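Beneath this line is the structure, given in structure tokens, with notes to follow.
The values are calculated or read from the model by the stated rules, or taken from the named source; none is laboratory data. Since the model is a prediction, treat every value here as computed from it, not as a measurement. As a convention, Cβ positions derive from the backbone with ideal geometry for all residues, glycine included, and neighbour counts pool all protein chains shown. Side chains included, ligands, DNA and RNA excluded: accessible areas come from the protein's heavy atoms. Shrake-Rupley method; radii C 1.70, N 1.55, O 1.52, S 1.80 Å.
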Protein chains: 4
Amino acid sequence: MSGTSEDASRTRTFTWDDPRALAEAARGLSGIEFLRKVASGELPRPPISALMNFGLAELAEGRAVFTVEPAEYHYNPIGVVHGGLAATLLDSAMGCAVHSTLPAGAGYTTLEVKVNFVRPLTAETGVVRCEAEVIHVGGRTATAEGKVLDAAGKLYAHATTTCIIFRTERG
Amino acid sequence: MSGTSEDASRTRTFTWDDPRALAEAARGLSGIEFLRKVASGELPRPPISALMNFGLAELAEGRAVFTVEPAEYHYNPIGVVHGGLAATLLDSAMGCAVHSTLPAGAGYTTLEVKVNFVRPLTAETGVVRCEAEVIHVGGRTATAEGKVLDAAGKLYAHATTTCIIFRTERG
Amino acid sequence: MSGTSEDASRTRTFTWDDPRALAEAARGLSGIEFLRKVASGELPRPPISALMNFGLAELAEGRAVFTVEPAEYHYNPIGVVHGGLAATLLDSAMGCAVHSTLPAGAGYTTLEVKVNFVRPLTAETGVVRCEAEVIHVGGRTATAEGKVLDAAGKLYAHATTTCIIFRTERG
Amino acid sequence: MSGTSEDASRTRTFTWDDPRALAEAARGLSGIEFLRKVASGELPRPPISALMNFGLAELAEGRAVFTVEPAEYHYNPIGVVHGGLAATLLDSAMGCAVHSTLPAGAGYTTLEVKVNFVRPLTAETGVVRCEAEVIHVGGRTATAEGKVLDAAGKLYAHATTTCIIFRTERG
């Protein structure tokens, strides 16, 4: 199982699981079945989640919510959390929102993501939610949008994405 | 000093430095002076670089190059490196390309970043370079573009960004 | 007054008004006062509206709706309406949504717009609405989003934008 | 044949050709063969080109250049040329750059376009060139970039796009 520890000396240790097992599980399940097993812990969280310390908190067809607590180890050189944290969270949440609509045997790849940064995250912001929903799901492409919000509902970043969908004959 | 270690048991430990010292150093220097001290190791690398294990490799006015070796701990749930690695690298390199053009006393914030993913990074890709250059630097805004390339010059992702610039009377 | 005529021989004639008078009127009014005079016809519609034959249909603080009937003269070389029509509409509606929040003496410029095309518009689509709303309005920047929808609510395109705001001491 | 006339009374008349004939011609030719016939005038220019008064000036495999002279009838309500002109030009040029790489029987659709506006176009800018080149052309998707420049090489806008490609068995 993946885990994490950190201390006052600015050292953090984390562990992760073999991602190939996870990718193989994905192939036999519908998107929402697969993601529910990740959210519940029945399947291990992916390495990127262990690395950046975020998790899949809520899931419905066409919708996914991730949470993270911004920390000092997410900081950029100019004194606030690096935009890459919000970008990674938004890419994850929007991708999962699309994935949650796909039947077993279908897959997707993110073609592009566009992120607007509205205000900076800091180690004092507290836990933030990244909420994403599909806008359009067609036969060959899908689009989705997402927002990063704090506990009071204040907006930090928002994004849209374009995905390509691979459907099999049955998918 | 920041450092990192990992082993066959899928455990990684990294350390980082207080980012406030870095942000304070940034305020007294021109962008290129500040970034040269980060690249040379005279100033500590920012926490996000320690977290994701990438570094600033080359720097010139209006241009920055980062390098990273994609690893298993960067993976997403579908069996390849998460798009967040390229997005974070590109955001870093494009932001530094803009920052490198600013005089002491001026600052910037990234308003938006748009990333296209052309092919997936994996743990077999080897070290990749993220090269960014400014497109336009004006009084109040700047734009830049970046690419992620492997050792053979193959393209993995490309991006553009919009930044707002804060200039003081002298900046 | 601006006007338009077209006929079966694929000829269209349109007229427009001096845009400088319009731009001068904009300077003395709050955004919403100015745009209400354009919507009501008290001020002339801008040349681009005469050219592309679209109009401002609804307005509220932070929200604007334009309508257009896609026609053969909007077509691209591959047999459907050119994406430029949706892009121009979305840019207009999102810009007006931002403008509608600004006091007299403040101004804005669009820094970037990103448009997703979900399905093609044709001359058979009928009148479409382009609905835009602000997402974030801060001191120096604003973001907004917009959608192009037909009479049945079917989605054709969606977009986001980033604007820079110029405020005077009183603005 | 398409044509245009305008006069000091702010009236413009333009004509266009049936776009279905053009779209049918596209289906039997490779992208570059088709576009060369449009550039040479052997095939009529598409209606959008007649409407906005721009034209395809240069063409090579993976590259397209359009030109336009910004005019008063392209103006927005705030006293400069509407961003929709640059957006439409850039969408055209980037789409043609992608199209020029496709064999007969293959087609494409633009999924998204992202445009940065660097400085405003006016009726005094003179003729501008919109130069676009492909960045990546793969089996199922392509990306391209474009710039709008005046006669002195000054930059007004730049953009990127993502296209989906439809290939037949032989394409």
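General observations
- The set of residues in segment D:56-88 being β-branched (Val, Ile, Thr) and facing chain C (nearest Cβ under 10 Å) consists of D:78, D:80, D:81, D:88.
- Some residue of segment A:133-143 being of a type in the set (D, E, K, R), more than 16 Å from the chain's Cα centre (by Cα) and at pLDDT 95 or above: yes
- Filter pass, residue C:125 being closer than 24 Å to residue C:10 by Cα and either among the small types (Gly, Ala, Ser) or touching an Asp or Glu at 6+ places or on another chain (Cβ under 9 Å) (or both): yes
- Reported count of residues in segment B:36-55, each being surrounded by fewer than 23 Cβ atoms within 10 Å (Cβ to Cβ) and more than 23 Å from residue A:19 (Cβ to Cβ), is 11.
- Of everything listed in (1) over 19 Å from residue A:117 (Cβ atoms); (2) at pLDDT 95 or above; (3) away from every other protein chain (no Cβ under 11 Å), the single unmet condition for residue B:98 is (1).
- Taken over segment D:156-171, residues that are within 12 Å of another protein chain (Cβ to nearest Cβ) and open to solvent by less than 40 Å² (accessible area, probe 1.4 Å) amount to 10.
- Residue in segment A:105-124 that is farthest from residue A:164 (Cα to Cα), counting only those that are surrounded by fewer than 19 Cβ atoms within 10 Å (Cβ to Cβ) and hydroxyl-bearing (Ser, Thr, Tyr): A:122
- Residue in segment D:146-155 that is aliphatic (A, V, I, L, M), within 9 Å of another protein chain (Cβ to nearest Cβ) and touching a Lys or Arg at 6+ places or on another chain (Cβ under 7 Å) present: yes
- Restricted to segment B:26-55, and to residues there that are aliphatic (A, V, I, L, M) and within 9 Å of chain A (Cβ to nearest Cβ), the residue that is nearest to residue B:86 (Cα to Cα) is B:52.
- Among residues of segment B:101-131, those that are within 24 Å of residue A:85 (Cβ to Cβ), of a type outside the set (Lys, Arg) and more than 14 Å from chain A (Cβ to nearest Cβ), counted: 4
- Test for residue A:71: is it surrounded by fewer than 22 Cβ atoms within 10 Å (Cβ to Cβ), out of contact with any Phe, Trp or Tyr (no Cβ under 6 Å at 6 or more places or on another chain), among the aliphatic types (A, V, I, L, M) and closer than 20 Å to residue A:162 by Cβ: no
- Test: residue D:145 is open to solvent by 10 Å² or more (accessible area, probe 1.4 Å), touching a residue at least 24 places away in the same chain (Cβ under 8 Å), among the acidic types (Asp, Glu) and farther than 19 Å from residue B:143 by Cα: no
- Residue B:20 vs. criteria charged (D, E, K, R), in contact with a Gly (Cβ under 7 Å, 6 or more places away or on another chain) and surrounded by fewer than 19 Cβ atoms within 10 Å (Cβ to Cβ): yes
- Residue within segment D:82-99 that is more than 14 Å from residue D:143 (Cβ to Cβ) and surrounded by fewer than 20 Cβ atoms within 10 Å (Cβ to Cβ) present: no
- Odd one out for residue A:122, checked against (1) farther than 22 Å from residue C:156 by Cβ; (2) assigned to a strand (DSSP E or B); (3) among the hydroxyl-bearing types (Ser, Thr, Tyr): (2)
- Filter pass, residue C:138 being facing another protein chain (nearest Cβ under 8 Å), free of Cβ contacts under 8 Å to residues at least 40 places away in the same chain, more than 26 Å from residue A:136 (Cβ to Cβ) and surrounded by fewer than 24 Cβ atoms within 10 Å (Cβ to Cβ): yes
- When residue B:61 is tested against (1) in contact (Cβ under 8 Å) with a residue 40 or more places away in the chain; (2) open to solvent by less than 40 Å² (accessible area, probe 1.4 Å), exactly one condition is not met: (2).
- Those residues of segment B:76-95 which are touching a residue at least 24 places away in the same chain (Cβ under 8 Å) and under 22 Å from residue A:18 (Cα atoms), in sequence order: B:80, B:81, B:83, B:85, B:86
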